[in-house]
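The values are calculated or read from the model by the stated rules, or taken from the named source; none is laboratory data. Owing to the predicted nature of the structure, the values given are computational and were not obtained by experimental measurement. Here the Cβ is made from the backbone with ideal geometry for all residues, glycine too, and neighbour counts use every protein chain on show.
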Number of protein chains: 2
Amino acid sequence: MNLEPTTSRLLLRLAGFQPLSAEEAEALEHAAGPVRLHRPHETLIVEGEGAAHVGLLLSGFAYAARMLPDGRRQIVSYLIPGDLCDPRLLLLPTAAHTVSTLTAANIALFSCETLLDLVERHPRLGRALCWLALQEELVAREWLVNIGQRTALERLAHLLCEVFTRMQAVQLTDGGRCELPLTQVELADTLALSTVHINRTLQELRRQHLVSLSGGMLEIHDLPALKSVAMFSGDYLHPVRERPERARRRLAPS
Amino acid sequence: MNLEPTTSRLLLRLAGFQPLSAEEAEALEHAAGPVRLHRPHETLIVEGEGAAHVGLLLSGFAYAARMLPDGRRQIVSYLIPGDLCDPRLLLLPTAAHTVSTLTAANIALFSCETLLDLVERHPRLGRALCWLALQEELVAREWLVNIGQRTALERLAHLLCEVFTRMQAVQLTDGGRCELPLTQVELADTLALSTVHINRTLQELRRQHLVSLSGGMLEIHDLPALKSVAMFSGDYLHPVRERPERARRRLAPS
DNA sequence: TGCCGCGATTAACATACGTTAACCGGCCCT
DNA sequence: AGGGCCGGTTAACGTATGTTAATCGCGGCA
């Protein structure tokens, strides 16, 4: 049902850094291994274990989380189609987070060895992957600000803005709507709130005609207003936009 | 007053990934530009601006923070000697966080261009820097868990464990003591608590004979107990320990 | 010597959010 | 068709932490 090349959404992401040459894109596509179909709520990577492959999410949703010994759980990122899972395994021996699917998901496997070789032969590709990792870090830091400084309403609004923007970047939105198959429990473990309060807050957002989320579908009614209550600036999601040379010139050492 | 090579503490860090060859270390040392002495509470990098240099903190302390339009502030990381500031500028056009000194600080400048060239000629060095960035991401994610899931007491205990462990790694501890020049306001903006509550919590930690922090000095009285209340596992700070080959072997695709 | 200002401390009071628990509705399975 | 389960919803009540504001102590400076 999907005739596009395996790496099309990933290329869409990487192009934000630097469009890849046809040859590089080809090489990347060629490095793709078998595609696996995973079921909902399946665990792909366990915190503390290693892996010989990194996955590329082709369809479906997943998340990464850390658990405390007493059962508390913090979701630290969401994976949407086009995201790698978990590129850190290229350089780190063991995974820092447990990665699980939210929905059924198609995942293409890339062997770490193949990928490391590839990167050696195509340094620009290596830099692009590194850039992708940095972007993930920016998102993590933004979540830190979100949980640390924003109220429940702002937090939720911000998360929804972010996911929607990321979905747009990989062409998975339809007007103001996109899929978002999260339960209120998952939202709670993401935003460090209780499910009850997530429920209250979700209703408040709907009451203000900003967004609604139900049946796994996110529907944005007033994006500018939503961004405004969230104090959302998508900058951290588009770290490259203007010409790098222009931006770089400032702040030379006196 | 400091006769060591500029990069000695950085090399200490990078060795955690893969000890560098004498030649690589030499090349890195050689790439170092001028050293600047900064005063306390000076801003080095402004959120949203670019820079042509990355700094290496030789002595002193600094922090990175994001501010919300209404003035709320979240500190997202601390920089201690041996840390780079801000390596992301090698690949991103603008800084995502404002970096400021906490104390007087010596900082060696590396030109981005020089560093990018260097990395091209020494791919292992590039990988080491990338590893360093990944480690920072792990720390950020741990902070997310910290703020999201832990109570005030656990949070503070965890932060102190982390900083102490990092200080150990660059040989800046003396038994159970190390410098830590943070005000309670800064701690509050780090842990997403009020200064009043930081004060209460700090006293509780002291009352339990776990740690004390005053006059810019951190004194750990019972590290095992402190780690235990913090649920601290230093794993995320030492992503490489066992042989990578061993760890990698698990989880091959069936 | 005394003033000033910052950071720490304390107390009284306020609140955003958590907890518990009951109920509801849809979906799956038999 | 019935039961059970999961996710969502609601209400009553509890609490960890925030807010405000006053006080204190100390180092710097005139």
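Mind listing just one residue for me: the one in the stretch B:212-239 that is under 30 Å from B:Phe17 (Cβ atoms) and more than 14 Å from every other protein chain (Cβ to nearest Cβ) and, of those, surrounded by the most Cβ atoms within 10 Å (Cβ to Cβ)?
B:Leu226
List the number of the failed condition for A:Arg121; all other conditions in (1) out of contact with any Leu (no Cβ under 8 Å at 6 or more places or on another chain); (2) more than 16 Å from DNA strand C (Cβ to nearest atom); (3) away from chain B (no Cβ under 14 Å); (4) in contact (Cβ under 8 Å) with a residue 24 or more places away in the chain hold.
(3)
The rows are residues; the columns are (1) buried (at least 16 other Cβ atoms within 10 Å of the Cβ); (2) touching a residue at least 24 places away in the same chain (Cβ under 8 Å).
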| position | (1), (2) |
| --- | --- |
| A:Glu24 | yes, yes |
| A:Val46 | yes, yes |
| A:Ala51 | yes, yes |
| A:Leu56 | yes, yes |
| A:Met67 | no, yes |
| A:Gly71 | no, no |
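Return only the number of the condition from (1) of a type outside the set (S, T, N, Q); (2) free of Cβ contacts under 8 Å to residues at least 40 places away in the same chain; (3) part of a helix (DSSP H, G or I) that B:Leu28 does not satisfy.
(2)
Let me spell it out: the conditions are (1) within 11 Å of another protein chain (Cβ to nearest Cβ); (2) within 17 Å of B:Asp86 (Cα to Cα), and B:Leu14 meets all of them except one. Which number is the exception?
Condition not satisfied by B:Leu14: (1).
Residue check: is B:Thr165 touching a Phe, Trp or Tyr at 6+ places or on another chain (Cβ under 9 Å) and either polar (S, T, N, Q) or over 22 Å from B:Ala65 (Cβ atoms) (or both)?
yes
Could you please give the count of residues in the stretch A:158-190 that are within 16 Å of DNA strand C (Cβ to nearest atom) and among the charged types (D, E, K, R)?
Final tally of qualifying residues: 2.
Among the small types (Gly, Ala, Ser) and closer than 26 Å to B:Pro93 by Cβ: does that describe B:Gly60? Walk me through how you get there before you give the answer.
Numbers: among the small types (Gly, Ala, Ser): yes; closer than 26 Å to B:Pro93 by Cβ: no.
So B:Gly60 fails the test.
Give all pairs with beta carbons closer than 8 Å in which a residue from the stretch A:184-205 that is within 12 Å of chain B (Cβ to nearest Cβ) meets a residue that is within 11 Å of DNA strand C (Cβ to nearest atom) and part of a loop (DSSP other than H, G, I, E, B); count only pairs at least 6 apart in sequence or on separate chains.
A:Ala188/A:Ser194
Being closer than 23 Å to A:Ile45 by Cα and either away from DNA strand D (no atom under 15 Å from the Cβ) or of a type in the set (D, E, K, R) (or both) narrows it down to one residue among A:Arg141, A:Arg177, A:Arg124; which is it?
A:Arg141
Please determine, by comparing only the residues of the stretch A:64-80 that are over 17 Å from A:Cys161 (Cα atoms) and not hydrophobic (A, V, I, L, M, F, W, C), which one is farthest from the other protein chains (Cβ to nearest Cβ).
Across the stretch A:64-80, the extreme among qualifying residues is A:Gly71.
Based on what the data block shows, is A:Pro40 assigned to a loop (DSSP other than H, G, I, E, B) and over 19 Å from the mean Cα position of the chain (by Cα)?
In short, no.
Only one residue in A:Thr165, A:Thr114, A:Thr173 is within 24 Å of B:Leu144 (Cβ to Cβ) and either facing chain B (nearest Cβ under 8 Å) or out of contact with any Asp or Glu (no Cβ under 6 Å at 6 or more places or on another chain) (or both). Which one? Give the steps one after another, and end with the answer.
Values: A:Thr114 fails: within 24 Å of B:Leu144 (Cβ to Cβ); A:Thr173 fails: within 24 Å of B:Leu144 (Cβ to Cβ).
On inspection, the qualifying residue turns out to be A:Thr165.
Please find, within the stretch A:17-31, the residue that is nearest to the other protein chains (Cβ to nearest Cβ) out of those that are in contact with a helix residue (DSSP H, G or I) (Cβ under 9 Å, 6 or more places away or on another chain) and under 20 Å from A:Cys112 (Cα atoms).
A:Ala31
Considering only residues that are more than 14 Å from DNA strand D (Cβ to nearest atom) and either within 13 Å of chain B (Cβ to nearest Cβ) or without any contact (Cβ under 8 Å) to a residue 24 or more places away in the chain (or both), which ones fall in the stretch A:145-156? Give the derivation first.
Looking only at the stretch A:145-156, we keep the residues that are more than 14 Å from DNA strand D (Cβ to nearest atom), and these are A:145-146, A:153, A:155.
Passing the criteria: A:Val145, A:Asn146, A:Arg155.
If A:Ser194 satisfies all but one of (1) surrounded by fewer than 21 Cβ atoms within 10 Å (Cβ to Cβ); (2) within 30 Å of B:Ile45 (Cα to Cα); (3) among the polar types (S, T, N, Q); (4) modelled with pLDDT of 95 or more, what's the number of the condition it fails?
(2)
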